[in-house]
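Here's the structure we're looking at; comments come further down.
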């Protein structure tokens with residue numbers, strides 16, 4: 001369990017009870033000994049455009065047409081598209097991929113959000129079927145074109161946010177032979193999902209764009225703003241980037257203890273292939289003095305306390 005890993009990290013530092021951290025990005029330096037509020041800035045309300053004045057992106061540029069999937073003749077389908085979606089998902093869980101795909105295709109033809117998204121994810125990830133980025137792009141584009149201006153408060157908002165993030169990644173790198181890279185359009189995809197849907201993954205990618213200066217002028221303040229929103233929702237990659245910025249003081253006020261705190265949290269959620277996060281944590285821990293480690297421990301203990309409440 002992640003909480004147990006964080007408690008173990010606290011033991012490694014050998015520290016004690018909590019202060020409440022906050023992040024200052026206005027260029028002013030916050031004394032490390034000062035008690036400040038925990039970084040728990042509320043995420044924007046669903047549908048809020050206060051973070052980016054997002055305009056619904058329903059007209060996603062199309063890719064060259066993808067040939068329709070050829071399926072065997074259907075046997076009897078469930079009586080409604082929604083039931084076909086549920087039946088198809090059950091079939092996939094039971095390992096009946098061909099039946100599951102047929103029923104999801106039927107639901108997709110009738111505009112069921114989850115079915116369109118699921119087929120897109122299956123082709124994007126090679127989940128039970130051969131990976132096909134062009135076909136995945138087509139499903140995600142179809143979903144956003146049909147429903148991209150739906151309210152962020154709808155139950156389907158998660159599908160739509162993930163679809164916009166997937167499209168952003170495809171536009172960022174392109175799809176060989178199908179889609180030319182367009183970093184500017186990728187940024188707008190991320191911005192829409194980050195602001196309109198308050199999606200933490202989109203906020204992470206948008207923050208990274210501003211941090212790296214790719215598809216937008218480099219802007220550390222904007223980067224920190226989006227990364228903090230994402231980090232507070234538990235996106236460990238955002239926590240790592242934000243922690244590195246604060247520990248080094250990269251164009252923001254240097255706060256090494258707070259940076260080390262975020263790196264501890266990120267390290268304990270990182271997967272085995274995310275060695276870049278572990279490396280950042282190890283480097284910061286080696287450079288931190290005893291006072292900085294002690295304060296990072298207090299931040300971490302308060303973080304855990306607030307998550308349990």
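The values are calculated or read from the model by the stated rules, or taken from the named source; none is laboratory data. None of the values given here were measured: they were computed from a predicted structure. When we count neighbours, we look across all protein chains shown, and the Cβ atoms used for this are built from the backbone with ideal geometry, even at glycine.
Below are the figures for this structure:
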read-out: Unique residue being over 22 Å from the mean Cα position of the chain (by Cα) and farther than 23 Å from residue 171 by Cα when the list is 279, 268, 251, 273; value: 251
read-out: Options 259, 249; residue that is under 17 Å from residue 297 (Cα atoms) and without any contact (Cβ under 8 Å) to a residue 60 or more places away in the chain; value: 259
read-out: Hey, residue 276 more than 30 Å from residue 156 (Cα to Cα), at pLDDT below 95, outside any loop (DSSP other than H, G, I, E, B) and touching a helix residue (DSSP H, G or I) at 6+ places or on another chain (Cβ under 8 Å) or not; value: no
read-out: Subset of the stretch 124-138 [buried (at least 23 other Cβ atoms within 10 Å of the Cβ) and free of Cβ contacts under 8 Å to residues at least 60 places away in the same chain]; value: 136
read-out: Residues (surrounded by fewer than 19 Cβ atoms within 10 Å (Cβ to Cβ) and part of a helix (DSSP H, G or I)) located in the stretch 231-240; value: none
read-out: Scope the stretch 144-160; condition assigned to a loop (DSSP other than H, G, I, E, B), surrounded by 15 or more Cβ atoms within 10 Å (Cβ to Cβ) and out of contact with any helix residue (DSSP H, G or I) (no Cβ under 6 Å at 6 or more places or on another chain); matching residues; value: 148, 150
read-out: Flag for residue 167 being surrounded by 24 or more Cβ atoms within 10 Å (Cβ to Cβ), over 18 Å from the mean Cα position of the chain (by Cα) and assigned to a helix (DSSP H, G or I); value: no
read-out: Qualifying residue in the stretch 223-230 (condition: modelled with pLDDT of 95 or more, assigned to a helix (DSSP H, G or I), surrounded by fewer than 22 Cβ atoms within 10 Å (Cβ to Cβ) and out of contact with any strand residue (DSSP E or B) (no Cβ under 7 Å at 6 or more places or on another chain)); value: yes
read-out: Checking residue 205 against (1) within 16 Å of residue 133 (Cβ to Cβ); (2) touching a helix residue (DSSP H, G or I) at 6+ places or on another chain (Cβ under 8 Å), the condition it does not meet; value: (1)
read-out: Filter pass, residue 104 being part of a helix (DSSP H, G or I), more than 19 Å from the chain's Cα centre (by Cα), free of Cβ contacts under 8 Å to residues at least 24 places away in the same chain and under 30 Å from residue 231 (Cα atoms); value: no
read-out: Members of the stretch 191-217 found to be in a helix (DSSP H, G or I) and closer than 21 Å to residue 153 by Cβ, listed by number; value: 191, 192, 193, 194, 195, 196, 200, 201, 202, 203
read-out: Test set (1) closer than 11 Å to residue 237 by Cα; (2) crowded, with 16+ Cβ neighbours inside 10 Å - residue 276 fails condition number; value: (2)
